[in-house]
Structure formats: C-alpha cells, structure tokens
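Colleague: Following this message is one structure expressed as structure tokens.
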Amino acid sequence: MAFQISHFLSLFSLFFFCILEKSFAIETTWEQRHHLVQINSLLPSTSCSSSIKGTKRKASLEVVHKHGPCSQLNKAKILPTHSDILDLDKERVNYIHSKVTKNKQIDKKLDSGSANLPVKSGSLIGSGNYFVVVGLGTPKKDLSLIFDTGSDLTWTQCEPCARSCYKQQDPIFDPTKSTSYYNITCTSPDCTQLSSATGCATLTKSCIYGIQYGDQSFSVGYFSRERLTVTPTDVIDGFLFGCGQNNQGLFGGSAGLLGLGRHPISFVQQTSQKYHKTFSYCLPSTSSGVGHLTFGATSNRYVKYTPFSTVSQGNSFYGLDISGISVGGTKLPISSSIFSSGGAIIDSGTVITRLPPTAYASLRDSFKKGMTKYPTASGLSILDTCYDLSGTTTVSIPTISFFLGSGVTVEIAAPGILYVVSLKQVCLAFAPNGDDSDITIFGNVQQRTLEVVYDVGSGKIGFASNGCK
C-alpha cells in the first residue's frame, strides 16, 4: 500500500511538473510573439526626461527631438502636424531613391548671381528630427546642429549673412569674434577634395562650398577651419566646416548640420585619429525623452554586429544586408532577393521605414492578424494600417524583427512599431516603396531605444536593445 501511494505521488509530481513546464513554455512563446504595452508610454510627456546611459560616457552628447519639450529650438511651441512631418519624409525618401538608385544630380539656381549647385548631400534636412549641441570657435559658442548619417559636410550659419539667413534659436556664429577661425584658399587640397565646392571668391581667393537638399533648402558660404568642442575634454582643432553666408530652408530653428556620412570631410573621417571612425547613438522612445550620440568605441557587450553592405559604396549612406522579417515570432514568406534587388540603407533622418511593396504587404497582413481585437481607424498620409486605441489602457502588439547578415536579428522595440498620431489613430510605422527595386530605408522610428553602433573602420554596424537606459 505504501508503495502504491509513493508511486501515485511520484506520477502526480511528474504530471504537475509537466503542466508547469508546459505553461511556462506557452508564456515564453507569447512574450516572444507580443509586446504588452501601456498605451500612455507611447505618448510623449509634457516635461523632459533625462538621459541615463549617454551621460556616463566620455565623448557623449545628449540627443533631443527638435519638436519635444527638451528642445530649445521651438520655444514658441509651433509644432508641425503629423501630415506635415510625413509629407517631408516622403520628399526625403524620394530624394534618396533618386540619389542612390538612379545616381541623379538635381541642379537648381540658388539665386540669380550664383552658379548651379549639384545636390551633394544624402539629406533632406527639413525632416531631420534629432539634434545635438556642440561648441564652435574660441571662445566657444554653443550651436544646435541636426545630426545626419546621410550627410557629410558639417556647416552652420555665419555672420554677416551676406545673402540671407533663416531664423535660428542660437545666436548666429560670428567668425570675426573667434581667434581660431580661418578660411581655406582655393588652391588648398582641402578645397579640391570638397565635392560640393562651387568656385572661388574673386576678391578673397577663399574656397566656397554650396550644398542643396531634396526640398530645395540650401547653404552656401566659406569652406573653413575652426576649433570644434565636442565635450569640455574633447576638442578638435582645425575642423573643416561650412560657414554659411546664404542659407534658406526648413531647418527647424537649428544652426545647421553635423555630417556623419562616409566622405573624407565628414565628422567621422576628420576625427578618425581620436575616435577611430566609430560612433553610436540611441534615439529616445518618444519626443519627450533624451538619447545620446557617443563618439569612440562602445562598452556595451550585448551589441551584435553585421557588415555594412556594399549598396552604398560611393555615396554618403551606410548599407544594410536585410534578408528577412518576422512578425509575431514567425518569419514572413519573403524571398531574400526581394531585399537584395534594391539594397538597403540605415538613415537617421528618414522617419518611417520604407520596404519593398511585396515585403510590406506581407508584414502588414501578418500584423493585422495580430490586431483583430482592436477597432481600426483611418490612415494618414503614407500610413495605411491604423487603430483606435482610445478605449484601452494596455495594448498587445505583435513583435517585429529584422534578419541581417552574419545571423544578426534586430528586434524592433514597441515604440518603433507604432506611430502615434493620437490615441484614436495609432498606425503601423512602416510604408511601402513604389517598387521592389527601390532601395529599402531603415528609418529612425524603428531605431528608437536601440543602441546603433557604426564601426566604420571595421566595416560593420551593431545593434543592442535598451540603448538609452
């Protein structure tokens, strides 16, 4: 009898253990397939939240969204509509497609007295979302610059604004008040390597740059050298930059641009001896958060690296090798050739990720199957899959992951899956290209909260989750 009881207890324990194990497996599988999100966490706060991780690093700058409460660029709080933001994003994407896939140059006259200036930047600055503050000159003057991985030339507006300057929040930089500023001559090798140099000033024999963007914003001025202060302990002497005398466009109150592209004149290349062609950033989850832009090697041991693809050789952009996508833990039936036919890049200035239409249709349809319990809402601009989440406090959304070269999987954080117009209009934050042959663009919404590491010297890019904490 004792043996029977003991045997029964053993069988019961084994059965109970199996039930627990099965329940745990189901729970783990569910977590792998869904994000359970507090809906309020997707909305920006009215106050600014501080950065944690970036401030602990030596050569690190705070990254702020130009339309959020942390920004000083728009003190009047005159914010663009979501339609405006997405329309500007369309212009940027159209320009990138033109530049990368068709190798077109768009020449426009900036004014009646100037030569035509070829488009040399991979950027539409009007849609650049994030900026950092650096110091320029001696004594240094702090300037708010949009940072852009798709542009090379760093420039700022300069007094006396010989032609025109747009309105910016910071005082306009005056080179005559700096002891470390000097112009570059036309015969200097620095001038001849500048692909956007358009000629020489006839009286001063100084090197002139001219750069125009996809929305016809532009900057023209003197190509110069100056002291650039990244942090109180990191100073770069003789930094090449554009001192703009004729500037027009949608620059959002910033003083100019920090170019993080691949050309020799970019910040990355100019500081290669100091930072070894390596930088990283984390974009905050909402516009009320603060991220970081850090120069030099990362200490994050969880970063997974994949080689840059060769699609972007010869221009400013950084290429990605995308082989597939999963939704809700299930890999979509998309041939890798769909992505390789047009290639892919990562871009800090594009807002919404653009996918080949074939890939987007598969992602959208699979995402919809995981969102059937939520009422749909009307689309907005390029976003066609939207939901009314005003009646819920938490939302369960399917996970989305990208498969890259070298077996790297990048899971998109919940704030990178949804674009929140309002609680009544929360949209899937992806859009299709016009054709499968158009280049795929991995945009900044999908990069939110990721630490993205550009190891340009080693030819690789890395990703890790929770990069802003």
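The values are calculated or read from the model by the stated rules, or taken from the named source; none is laboratory data. From a predicted model like this one, the values you see are computed outputs, not experimental measurements. Neighbour counts run over all protein chains shown; Cβ positions are idealised from the backbone, glycine included. Only protein heavy atoms, including side chains, enter the accessible area calculation; ligands, DNA and RNA are left aside. Shrake-Rupley method; radii C 1.70, N 1.55, O 1.52, S 1.80 Å.
Colleague: Which condition number does residue 241 fail, the rest of (1) over 25 Å from residue 279 (Cβ atoms); (2) modelled with pLDDT of 95 or more; (3) among the aromatic types (Phe, Trp, Tyr) being met?
Modeller: Condition not satisfied by residue 241: (1).
Colleague: Okay, moving on. Residue 419: surrounded by 21 or more Cβ atoms within 10 Å (Cβ to Cβ), touching a residue at least 40 places away in the same chain (Cβ under 8 Å), of a type in the set (Ser, Thr, Tyr) and under 30 Å from residue 152 (Cβ atoms), yes or no?
Modeller: yes
Colleague: May I pose another question? Return yes or no: is residue 309 out of contact with any Lys or Arg (no Cβ under 7 Å at 6 or more places or on another chain), open to solvent by 10 Å² or more (accessible area, probe 1.4 Å) and at pLDDT 95 or above?
Modeller: The answer is no for residue 309.
Colleague: Looking at the stretch 158-172, can you tell me whether even one residue there is more than 18 Å from residue 209 (Cα to Cα) and either touching a helix residue (DSSP H, G or I) at 6+ places or on another chain (Cβ under 8 Å) or of a type in the set (D, E, K, R) (or both)?
Modeller: yes
Colleague: Counting only residues that are open to solvent by 10 Å² or more (accessible area, probe 1.4 Å) and not in a loop (DSSP other than H, G, I, E, B), which one in the stretch 256-274 is nearest to residue 346 (Cα to Cα)?
Modeller: 269
Colleague: Six or more apart or on different chains, Cβ atoms under 7 Å: show the pairs whose first residue is in the stretch 134-153 and at positive phi and assigned to a loop (DSSP other than H, G, I, E, B) and whose second is open to solvent by 10 Å² or more (accessible area, probe 1.4 Å) and of a type outside the set (Gly, Ala, Ser).
Modeller: 137/181; 137/227
Colleague: Could you grab me the full set of residues in the stretch 154-169 that are in a strand (DSSP E or B) and either without any contact (Cβ under 8 Å) to a residue 60 or more places away in the chain or surrounded by fewer than 19 Cβ atoms within 10 Å (Cβ to Cβ) (or both)?
Modeller: Hit for the stretch 154-169 is 164, nothing else.
Colleague: Residues to consider are 274, 331, 304; find the one that is in contact with a strand residue (DSSP E or B) (Cβ under 8 Å, 6 or more places away or on another chain) and more than 21 Å from residue 412 (Cα to Cα).
Modeller: When all the criteria are applied, what remains is 274.
Colleague: When you look at residue 99, is it among the basic types (Lys, Arg), part of a loop (DSSP other than H, G, I, E, B) and either modelled with pLDDT of 95 or more or under 22 Å from residue 268 (Cβ atoms) (or both), yes or no?
Modeller: no
Colleague: Taking residue 421, is it at pLDDT below 95 and of a type in the set (A, V, I, L, M)?
Modeller: yes
Colleague: May I ask you to verify whether residue 192 is modelled with pLDDT under 90, open to solvent by 50 Å² or more (accessible area, probe 1.4 Å) and closer than 20 Å to residue 316 by Cβ?
Modeller: Against the criterion (modelled with pLDDT under 90, open to solvent by 50 Å² or more (accessible area, probe 1.4 Å) and closer than 20 Å to residue 316 by Cβ), residue 192 qualifies.
Colleague: Here's something else I'd like to know. Does residue 107 satisfy the criteria of being farther than 30 Å from residue 346 by Cα, modelled with pLDDT under 70 and open to solvent by 30 Å² or more (accessible area, probe 1.4 Å)?
Modeller: No; evaluated as a whole, the condition is false for this residue.
One line per residue, one yes/no per condition, for (1) touching a Gly at 6+ places or on another chain (Cβ under 9 Å); (2) among the aliphatic types (A, V, I, L, M):
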{"site": "268", "(1), (2)": "yes, yes"}
{"site": "282", "(1), (2)": "yes, no"}
{"site": "286", "(1), (2)": "yes, no"}
{"site": "295", "(1), (2)": "no, no"}
{"site": "304", "(1), (2)": "yes, no"}
{"site": "307", "(1), (2)": "yes, no"}
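Colleague: Residue 250 is checked against (1) modelled with pLDDT under 90; (2) in contact with a strand residue (DSSP E or B) (Cβ under 8 Å, 6 or more places away or on another chain) and fails just one. What number does that condition carry?
Modeller: All conditions pass for residue 250, except number (2).
Colleague: Follow-up. Go through the stretch 241-255 and report how many residues are open to solvent by 10 Å² or more (accessible area, probe 1.4 Å) and either of a type in the set (A, V, I, L, M) or farther than 10 Å from residue 219 by Cβ (or both).
Modeller: Residues flagged as open to solvent by 10 Å² or more (accessible area, probe 1.4 Å) and either of a type in the set (A, V, I, L, M) or farther than 10 Å from residue 219 by Cβ (or both) within the stretch 241-255 amount to 3.
Colleague: Inspect the stretch 359-368 for any residue being open to solvent by 40 Å² or more (accessible area, probe 1.4 Å), within 28 Å of residue 81 (Cα to Cα) and of a type outside the set (Lys, Arg) and give the result as yes or no.
Modeller: There is at least one residue in the stretch 359-368 that is open to solvent by 40 Å² or more (accessible area, probe 1.4 Å), within 28 Å of residue 81 (Cα to Cα) and of a type outside the set (Lys, Arg).
Colleague: Filtering the stretch 275-292 down to residues that are closer than 29 Å to residue 221 by Cβ and touching an Asp or Glu at 6+ places or on another chain (Cβ under 8 Å), which residue is surrounded by the fewest Cβ atoms within 10 Å (Cβ to Cβ)?
Modeller: Only one residue tops the list, namely 277.
Colleague: Restricting to the stretch 423-444, name every residue that is among the polar types (S, T, N, Q) and touching a Leu at 6+ places or on another chain (Cβ under 9 Å).
Modeller: Result: 425, 433, 440, 444.
Colleague: Now, a different point. Contact list please: Cβ distance under 7 Å, first residue in the stretch 210-232 and farther than 24 Å from residue 58 by Cβ and modelled with pLDDT under 90, second residue charged (D, E, K, R) and buried (at least 23 other Cβ atoms within 10 Å of the Cβ), pairs at least six apart or on different chains.
Modeller: Listed pairs, sorted by first residue: 211/120; 214/92.
Colleague: Pick from the stretch 422-435 the residues that are closer than 14 Å to residue 353 by Cα and open to solvent by 40 Å² or more (accessible area, probe 1.4 Å): which of them is farthest from the chain's Cα centre (by Cα)?
Modeller: Per the criteria, the residue is 434.
Colleague: Now a separate question. In the list 338, 334, 325, which residue meets the criterion of being part of a loop (DSSP other than H, G, I, E, B) and over 30 Å from residue 145 (Cβ atoms)?
Modeller: 334
Colleague: Condition first: at pLDDT 85 or above, more than 30 Å from residue 297 (Cα to Cα) and open to solvent by less than 40 Å² (accessible area, probe 1.4 Å). Can you find one or more residues in the stretch 41-64 that meet it?
Modeller: So far as the stretch 41-64 goes, no, none of its residues is at pLDDT 85 or above, more than 30 Å from residue 297 (Cα to Cα) and open to solvent by less than 40 Å² (accessible area, probe 1.4 Å).
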